[in-house]
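*Asks:* Before anything else, here's the structure in question.
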Amino acid sequence: MQLLFDNYVAVLLATIIGSILVLSALLASRLLAPFSESRQKRTTYECGMVPIGRVRTQVHIRYYLFAILFLIFDVEAVFLFPWAVTFVDIGPVAFYEMVLFILILGSGLVYAWKKGVLQWK
């Protein structure tokens, strides 16, 4: 039991030290960095030319859906490679769990396909 808590102490110390380092870096940059607020500094920079039109543009939701689908199947690949390497050692239960995992992701892909998310317009 003591060995288990020793591992958590190391994680706790790393979290505390990491938080202190991040907060001190943010505080130091706020205190030491030059800061000036002017209208010219707030304008959008476009290759040295004066920006014309609106600064903000709307991005269609389709781009976000493509990104989410990419991440889902990228995570699947991350789980699939270590599983394939240790496939012989882990036994038949792990095989059926991975089949279930792939079926769930496959059903999500079929759902997205039927909804027309994958069609580029």
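*Asks:* Suppose we filter the stretch 53-77 for residues that are at pLDDT 80 or above and open to solvent by 90 Å² or more (accessible area, probe 1.4 Å); how many remain?
*Replies:* 5
*Asks:* Okay, next question. Quick check on Leu31: is it under 30 Å from Met98 (Cα atoms) and either modelled with pLDDT of 85 or more or over 23 Å from the mean Cα position of the chain (by Cα) (or both)?
*Replies:* Judged against the criteria, Leu31 is not a match.
*Asks:* I'm trying to understand the selection: among the residues of the stretch 13-34, which are in a helix (DSSP H, G or I) and either open to solvent by 100 Å² or more (accessible area, probe 1.4 Å) or touching a strand residue (DSSP E or B) at 6+ places or on another chain (Cβ under 9 Å) (or both)? I'd like the intermediate steps shown before the answer.
*Replies:* Taking the stretch 13-34 and keeping what is in a helix (DSSP H, G or I), we get 13-32.
Those that are in a helix (DSSP H, G or I) and either open to solvent by 100 Å² or more (accessible area, probe 1.4 Å) or touching a strand residue (DSSP E or B) at 6+ places or on another chain (Cβ under 9 Å) (or both): Ile20, Leu21, Leu23, Leu26, Leu27, Arg30, Leu31, Leu32.
*Asks:* Would you pick out the residues in the stretch 105-121 that are more than 14 Å from Phe70 (Cα to Cα) and either surrounded by 13 or more Cβ atoms within 10 Å (Cβ to Cβ) or of a type outside the set (A, V, I, L, M, F, W, C) (or both)?
*Replies:* Scanning the stretch 105-121 gives Ser107, Tyr111, Lys114, Lys115, Gly116, Gln119, Lys121.
The values are calculated or read from the model by the stated rules, or taken from the named source; none is laboratory data. Treat the numbers as computed from the prediction; the structure is a model and nothing was measured. All Cβ positions, even for glycine, are placed from backbone atoms using ideal geometry, and neighbour counts span all protein chains on display. The accessibility values were calculated without ligands, DNA or RNA, using every heavy atom of the protein model including side chains. Shrake-Rupley method; radii C 1.70, N 1.55, O 1.52, S 1.80 Å.
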